[in-house]
């Protein structure tokens, strides 16, 4: 069984940080932490030994109230 995990994050970060570096850091740290805690289960569901795919999507929401953005994220479909 292969899982397709889709994650929404609301992140505030310094403009000096490159988005690609931020995403790679988040993926790297989360992968290590999840492997440490759930290694036997995680190993069965990896994509060629990788926890995350190499791709990502990012969008800005400048001007939108944070309450609206948070509401949007909370309303996204959750895994069953």
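Values in this text are rule-based calculations from the coordinates and carry no lab data. No experiment lies behind these values; they were computed from the predicted model shown. When we count neighbours, we look across all protein chains shown, and the Cβ atoms used for this are built from the backbone with ideal geometry, even at glycine.
List of remarks:
- Degrees between helix 19-43 axis and first principal axis of the chain (Cα, 0 to 90, nearest 10): 30
- Spin-label proximity, residue 12 to the range 31-73 - amide N less than 13 Å from point 7 Å beyond Cα toward beta carbon: 63, 65-67, 70
- Labels on offer are (1) 10.8, 33; (2) 14.9, 44; (3) 15.5, 57, and the one holding Rg and Dmax of the Cα atoms in Å computed from this structure is (2).
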